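K.L.:
Right, I'll just put the structure down here and ask away after.
The values are calculated or read from the model by the stated rules, or taken from the named source; none is laboratory data. These numbers come from a predicted model, not from an experiment. Cβ atoms come from the backbone with ideal geometry, glycine included; neighbour counts cover every protein chain shown. Note: accessible area is taken over every heavy atom of the protein model, side chains too, but ligands, DNA and RNA are not part of it. Shrake-Rupley method; radii C 1.70, N 1.55, O 1.52, S 1.80 Å.
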Amino acid sequence: MIHREVADGLERLWNVRVNCIWEADESSRHGEVYIFDHVFNQECTNSDVYGSVVKPLVDSFMEGFNATIFAYGQTSSGKTHTILGNKTDPGLFQLVSNQLFQHVADQVDKRYLIRCSYIEIYNEKINDLLDKSNQGLTREDIKGNVLLDAREAVVDNVDKVMENMMQGNKIRRVAATRMNERSSRSHTIFRIILESKDANQKDGPVHISYLNLMDLAGSERVSLTKAAGERLKEGANINKSLSVLGNVIRQLSEGKEFISYRDSKLTRLLSQALGGNAKSLIIGNVTLAAEETRSTPEFAQSTKTVKNKTKVNILSATEEHFKDIRT
Ligand SMILES: Nc1ncnc2c1ncn2[C@@H]1O[C@H](COP(=O)(O)OP(=O)(O)OP(=O)(O)O)[C@@H](O)[C@H]1O
């Protein structure tokens, strides 16, 4: 339970044990036990989450596979805490960056180029968090895939990644609601693009992979957030795009031929991560005193049956294209 729930004297409605979560009230008509690959209780830190489920995904990313990590959950359930963390409990941003640059330092026979971009989807509009003036951020290739033209900053150490993240966070839309005094009003995607090649082969193949770290805005009930005016409009857009995301996941898990990716900016941008060429990890954040918590295990369970088709991405590159970050 988070501080607000304890301060408000709320009753615990959910139990957590081993890899299961279920409603405390056994007479509840839902009464389902949700089982996952891992369930982390409230004593666990971001480092525990990272060590168990995130690190193996980052290992794949460094081998050339695309990877996406989603933090999903109702408002104030701890998504931003998971991604950003704080001084005593660093978030996934910091932990992933540490692993990445440690790997680069260890691989003396490889050359690397690492870039990052940071965008938000706010009221169905994409904003570049690293360059406010950047407009027209998406375009489609001939296959209809949506490509992102966000500013990409070259990063050569952990501090540079954190600087870019902090710069972007200054302009990310955050506002106070009754449920969370710093509620994210947009979905964000922080993308790390890793290119690597053998140091001894001048025009050898280049591996390229994308890692998306996604902090989704939380679904919310107006009766609880007391949203009005601009907050209400934002909340409606947040709920709509999350419901499209839910539909897309359902269609993928049912093996449908038509997938409604085009119904929201979020799903259009995520089409590769959802059923495409990426390994995906969903972190479902929950608070234990909220009835709305149910929607998160339901969503996370539906994603378990989605099968992605992953492969290592190889580019042919010339020396002009490839500039090692260590030179
Ligand atoms: N595991 C945790 N340990 C300590 N504090 C936490 C934890 N999870 C959440 N909190 C605290 O609870 C509050 C809400 O968390 P956070 O802002 O991360 O939620 P959110 O899911 O991102 O919400 P929103 O969707 O409204 O942006 C914050 O004050 C945060 O510091």
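Every residue, every condition in (1) at pLDDT 95 or above; (2) more than 14 Å from the ligand (Cβ to nearest atom); (3) more than 16 Å from the chain's Cα centre (by Cα), yes or no:
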| site | (1), (2), (3) |
| --- | --- |
| 71 | no, no, no |
| 78 | no, no, no |
| 100 | yes, yes, yes |
| 109 | no, yes, yes |
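K.L.:
Spot the failing condition for residue 98; the list is (1) in contact (Cβ under 8 Å) with a residue 40 or more places away in the chain; (2) under 19 Å from residue 186 (Cα atoms), and only one is missed.
P.N.:
Here residue 98 clears every test but (2).
K.L.:
Right, next: Name the single residue that is farthest from the ligand (Cβ to nearest atom) among those in segment 49-69 being closer than 14 Å to residue 285 by Cβ and open to solvent by 10 Å² or more (accessible area, probe 1.4 Å).
P.N.:
Filtering segment 49-69 for residues that are closer than 14 Å to residue 285 by Cβ and open to solvent by 10 Å² or more (accessible area, probe 1.4 Å), the one farthest from the ligand (Cβ to nearest atom) comes out as 53.
K.L.:
Pick from segment 270-294 the residues that are hydroxyl-bearing (Ser, Thr, Tyr) and part of a loop (DSSP other than H, G, I, E, B): which of them is farthest from the ligand (Cβ to nearest atom)?
P.N.:
That would be 271.
K.L.:
Let me ask something else. Within segment 171-197, can you find the residues that are modelled with pLDDT of 90 or more and open to solvent by 40 Å² or more (accessible area, probe 1.4 Å)?
P.N.:
Of everything in segment 171-197, just one residue is modelled with pLDDT of 90 or more and open to solvent by 40 Å² or more (accessible area, probe 1.4 Å), namely 191.
K.L.:
Name the residues in segment 80-93 that are surrounded by fewer than 20 Cβ atoms within 10 Å (Cβ to Cβ), modelled with pLDDT under 95 and more than 10 Å from the ligand (Cβ to nearest atom), would you?
P.N.:
87
K.L.:
Would you confirm whether any residue within segment 28-44 is in contact with a Phe, Trp or Tyr (Cβ under 9 Å, 6 or more places away or on another chain) and either within 30 Å of residue 203 (Cα to Cα) or within 16 Å of the ligand (Cβ to nearest atom) (or both)?
P.N.:
no
K.L.:
Quickly run through segment 193-220 and pick out the residues that are under 12 Å from the mean Cα position of the chain (by Cα) and more than 16 Å from the ligand (Cβ to nearest atom).
P.N.:
Selection gives 211, 212.
K.L.:
Turning to a different aspect of this structure: Could you list, ordered by first residue, the pairs with Cβ atoms under 8 Å in which the first is in segment 48-71 and farther than 16 Å from residue 311 by Cβ and the second is hydroxyl-bearing (Ser, Thr, Tyr) and buried (at least 23 other Cβ atoms within 10 Å of the Cβ), at least 6 apart or interchain?
P.N.:
49/82; 71/80; 71/82
K.L.:
Output the residues belonging to segment 237-267 that are part of a helix (DSSP H, G or I) and either open to solvent by 60 Å² or more (accessible area, probe 1.4 Å) or among the hydroxyl-bearing types (Ser, Thr, Tyr) (or both).
P.N.:
Scanning segment 237-267 gives 240, 241, 243, 250, 253, 261, 262, 263, 265, 267.
K.L.:
From the list 139, 151, which one is in a strand (DSSP E or B), open to solvent by 30 Å² or more (accessible area, probe 1.4 Å) and at pLDDT below 95?
P.N.:
139
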